[in-house]
Protein chains: 2
Amino acid sequence: MAKGQKDNQFVKEIADMSADFPQWYTDVVLKTQLVDYGPVKGTMVIRPYGYEIWERIQEELNRRFKETGHKNAYFPMLIPYSYLVKEADHVEGFAPEVALVTHIGDTPLEEQLVVRPTSETIICSMYSKWVQSYRDLPVLINQWANVVRWEKTTRPFLRTSEFLWQEGHTLHRTEEEAREETLKMLEVYREFMQNVLAIDVLTGVKTEKEKFAGAVDTYSMEAMMLDGKSLQAGTSHYLGQNFASAFEIKYLDSDGQLKNPYQTSWGVSTRLIGALIMAHGDQRGLKLPPRVAPIQVVIVPVAFHKEGVLEKARETAERLKAAGVRVELDDRDQSPGWKFNEWEMKGVPVRIEIGPRDIENGQAVAVRRDTHEKSFLALDTLAESITALLDDVHENMFRQSHEFLHSHIDVCADMTEMKESLDKGHFVKTTWCGSRECEDRIKTEYSATARVLPFDRTAVGDRCVCCGKHLGEEERAKGGTVYFAKSY
Amino acid sequence: MAKGQKDNQFVKEIADMSADFPQWYTDVVLKTQLVDYGPVKGTMVIRPYGYEIWERIQEELNRRFKETGHKNAYFPMLIPYSYLVKEADHVEGFAPEVALVTHIGDTPLEEQLVVRPTSETIICSMYSKWVQSYRDLPVLINQWANVVRWEKTTRPFLRTSEFLWQEGHTLHRTEEEAREETLKMLEVYREFMQNVLAIDVLTGVKTEKEKFAGAVDTYSMEAMMLDGKSLQAGTSHYLGQNFASAFEIKYLDSDGQLKNPYQTSWGVSTRLIGALIMAHGDQRGLKLPPRVAPIQVVIVPVAFHKEGVLEKARETAERLKAAGVRVELDDRDQSPGWKFNEWEMKGVPVRIEIGPRDIENGQAVAVRRDTHEKSFLALDTLAESITALLDDVHENMFRQSHEFLHSHIDVCADMTEMKESLDKGHFVKTTWCGSRECEDRIKTEYSATARVLPFDRTAVGDRCVCCGKHLGEEERAKGGTVYFAKSY
């Protein structure tokens, strides 16, 4: 246990992360008041401290979506059941877990309504009205919304009956353009994960088994949590003409032919909050990436009943605020030590301490949450130093995430090696023949799934990790290099 | 018909607003692509141009909510039916119009769930967990969410089965503090209506008949639409201890006693978009208030195939954008006249025309949407002039709204006068004995309802407009000066 932690009541209340990671997660999300359980099974209440993270995520993503030409819109949540059925794979994937509205008050509805689990169907029904000519393409629309998917096992942020997300839905004239959009949005997500959430990810395409119900291809970014499990953090789907044809979206092309456009959809959700907790936390609690932290800097005045201390702390807070830093002054009547521990638990990236001696010396003490390093900063130039410090915290957190990920990937040649690596909580990079049988067997025996087939198809072997079959042309086309891991 | 409109195809496609105001409204919202009908009865799709207005509204309100100490959170949409029943008036008001989730896939739920029509019940259930001590008060939380209320007659933005809104839910230690909060948020709304949407409003308290199901007092702001009908644009409720007691929210006060806190809730919705259309529009279409207009300035290059014109137009757009103006350059291959008409229909506050002659003279032509006034502005200082012009457009639109409202209010002494005024599409300021009988009779005979009892209780008569009874102390306390109007 690190210095200064022996009297830390907060740490005592959080389960040991190396012994019981799931309990550590639950303790952290509840005690930091990010979230609470809702009254209905599997639902969550996102409390202000958690919701502010979501607001920052929305802000950052909205900017990127708008820069890439997308506009937001809002489609109805209640979808006629008959719509869900129009795309065969889609209904098969979603029907068992949809919430059905059957009555208004005491009166039964003529047609049952589905609470959207995702909005392809209702959006396509509107697109079929709106799109007439090739001049109406591309359509580049995003929606921020709540969706409902009734899951058997639920955990706050990671898998809840209702969650918040964004879903982009685009239409294009050509397959090429739609495929380009699919990859462009995956790249937007990747850049956001690294530069905002400070989390490194693996990207690639999903297997047939793991892809979205109704997609031609699903691309995903996978993040490694501190327990070595993978979390699917965002997906981008190339839908081809599957939905466009089912919903009769047709446009008159310049050659006078009626054609179906090509479609994409892509989304990330409040699950990202779970990702950043499990990618960055430690035994003291949260470690929030500065760019989404609701409070980036907390100022704790030391000996604040002494003349001038509180005034100086307030003045410092105002100056940081004016410089665009999200700052909070903690002037509660508690000991500094208690406050330090509480703000560490809440994951605030930088703590500033100001006491009478500091004021005399024209400085403040800054303590980083990521490294616990202390530095003395001149009060005169504090805003500049703090901005630089926050960037440095971000860079360091990303570097740690990057190193953790890449030091926890093993290249495995057979099932024995694979088991060893998975047991250690590592990702497995290996060779797969592309057969569903092998994929299923690995899931059944090791509870691991194919996460992605990476874009870099460089071979790491020539035999399937599972069946041992030598990979020919056909197998390489369907399988080849792949990451397997246990996952959330 | 105004000059230059004879060839305006857009105007031809919009119903005459003086002859058929409802059809004018429908034509305008559909043709400007603010909204479309969803597939399920009474639902709407908010299209990008409409949603951008909502985003501006959210941004402006969020800033005001945060400045007054509120934080956002998110509560589950699905509420156990048993919760709805806990507050007697509340269930009576909402039960007939709630959407009920009864099944997940094929499996019936043990307890039916209500899709939130409003969130008092589920939020109170959480507050009862979170609030223990007087130190936990006040609780100042707001939520942005979708709600569902199944309405018989629906119209886009004004009354839809699903709509978007914000709902503030606060808890306080004393009645005084809760009442202060109720009025503070009404005032936030009023200031927002005037300074952002450029709409003048009447504020005051609702009658017992018109108040929110479960409230002690409902305060409202009422806006006058161009057809003389009133639109309830936002409400702020003092809930007393009604919900706190039903949901057993209790805190230990400093005197060692367990007490129920006092509560408020307040909300505005996507209905505000309907309000601004019907408060400002004209025969040419929308007239958007500059502070929420998705596009504040459109630049239409004239003779743009001539050398230098498009370049200058682009450069001007960039400079305005850099100055924080929401600007669009219309470089489509259409005639300037066609573009002028389209952007007028879409309500863009200022149009800038740039042609070869203008460039020679170092100027551009600016045309205001509100007054159709033309002015020549120097290109060098365009950003400053445009910013000032947009403010001026706002001020003028607000002045017009203010004058329209106050010139359409008649003080009436009896039912005959009242009928005449209502038939002219005016609001009626009058005297009411406070009895439900008179309020009901006015509704039955004239389809008019009591909108608000204004804060200024100055008498405008001493007999009830309906029963003619002389108002004594008791009647003045229950009724007195009141506004009646037809309403949305």
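Sorted from nearest, the other copies put their A:LEU258 label points 6.9 nm away, the label point being 7 Å from Cα in the direction of Cβ. Here the simple spin-label model places points 7 Å from the Cα toward Cβ, and for B:GLU92 and A:ASN396 these points are separated by 6.3 nm.
Comment: the Cα-to-Cβ extended label point of A:ARG135, at 7 Å, lies 6.8 nm from its counterparts in the other copies, nearest first. In the range A:219-286, the inverse of the mean reciprocal separation of distinct Cα atoms equals 15.0 Å; this is its Kirkwood hydrodynamic radius. Residues B:THR43, B:THR458, ranked from the fewest to the most other C-beta atoms within 10 Å, line up as B:THR458, B:THR43. So which of A:LYS229/A:LYS469; A:LYS250/B:LYS12; A:LYS211/A:LYS259; A:LYS152/B:LYS66; A:LYS424/A:LYS478 end up more than 32 Å apart, counting from Cα to Cα? Those over the limit are A:LYS152/B:LYS66.
Binning all Cα-Cα separations of the range B:342-428 at 5 Å, short to long from zero, yields these whole-percent fractions: 3, 13, 17, 14, 12, 9, 8, 7, 6, 5, 3, 2, 1, 0. The mean number of Cβ atoms from other chains found within 10 Å of a Cβ in peptide B:137-147 is 2, as a whole number.
Kirkwood radius, the protein assembly as shown, all distinct C-alpha pairs, inverse of mean reciprocal distance: 31.1 Å. Full extension of the chain segment joining B:GLN257 with B:THR416 gains 51.6 nm, where the gain is 0.36 nm per residue of separation less the Cα-Cα distance.
Taking label positions 7 Å along the Cα-Cβ direction at both A:LYS374 and A:GLU315, the computed distance is 2.4 nm, reported to one decimal.
In summary, the aspartates and glutamates within cross-link reach of A:LYS184, defined as a Cα separation below 18 angstrom excluding same-chain residues under 8 places away, comprise A:GLU60, A:GLU67, A:GLU167, A:GLU175, A:GLU176, A:ASP200, A:ASP217, A:GLU222, A:ASP456. Estimated translational diffusion coefficient (Stokes-Einstein, Kirkwood radius over Cα pairs, 37 °C, 0.692 mPa s) of the range A:9-280: 166 µm² per second.
The distance from the alpha carbon centre of the range A:222-294 to that of the range A:396-453 is 22 Å, rounded to a whole number. Helical content of the protein assembly as shown, expressed as a calculated mean residue ellipticity at 222 nm, amounts to -10500 deg cm²/dmol (DSSP H runs of 4 or more residues, -39,500 (n - 2.57) each, divided by residue number, nearest 500). Residue by residue along A:366-373, Cβ atoms of other protein chains within 10 Å of the local Cβ number 0 on average. For the peptide B:97-109, the mean number of other protein chain Cβ atoms found within 10 angstrom of a residue's Cβ is 6.
Were the residues from B:SER82 through B:SER133 laid out at 0.36 nm apart, the gain over their Cα-Cα distance would be 15.7 nm.
Ordered by the count of other Cβ atoms within 10 Å of each Cβ, fewest first, A:TYR81, A:TYR51 give A:TYR81, A:TYR51. Pairing the Cα long axis of helix B:382-406 with the longest principal axis of chain B, what angle in degrees results, from 0 to 90 and rounded to the nearest 10? Once rounded, one gets 50 degrees. So how far, in whole Å, is the C-alpha centre of the range B:167-195 from the one of the range B:353-376? The distance from the Cα centre of the range B:167-195 to that of the range B:353-376 comes to 44 Å. Partners of A:LYS306 within straight-line reach, counting lysines whose Cα lies under 21 Å from its Cα and excluding those fewer than 8 residues away in the same chain: A:LYS339. For the range B:297-391, the equivalent ellipsoid derived from the alpha-carbon gyration tensor has semi-axes of 17, 16, 12 Å in decreasing order. Fewest neighbouring Cβ atoms within 10 Å first, the residues B:LEU231, B:LEU113 line up as B:LEU231, B:LEU113. Treating each Cα of chain A as an identical point scatterer and summing with the Debye formula, the log10 of I(q)/I(0) at q = 0.07, 0.10 Å⁻¹ comes to -0.44, -0.85.
Shown for B:GLU315: label points 7 Å from Cα along the beta-carbon vector, and their distances to the equivalent points in the other copies, 4.7 nm in ascending order. At full extension, A:HIS406 and A:SER447 could sit 12.6 nm farther apart than now, given 0.36 nm per residue minus the alpha carbon distance. Note that the range B:167-176 has calculated 3J(HN,Hα) couplings of 9, x, 9, 10, 10, 9, 6, 10, 4, 4 Hz, one per residue in order, obtained from phi through the Karplus relation 6.51 cos²θ - 1.76 cosθ + 1.60 (θ = phi - 60°); glycine and proline are x.
Read-outs throughout are calculated quantities, based only on the coordinates presented, and are distinct from any laboratory measurement. Computed from a prediction, not measured in an experiment: that's the story for all the values here. Counting neighbours? That spans all protein chains shown, and the Cβs are built from the backbone with ideal geometry, glycine included.
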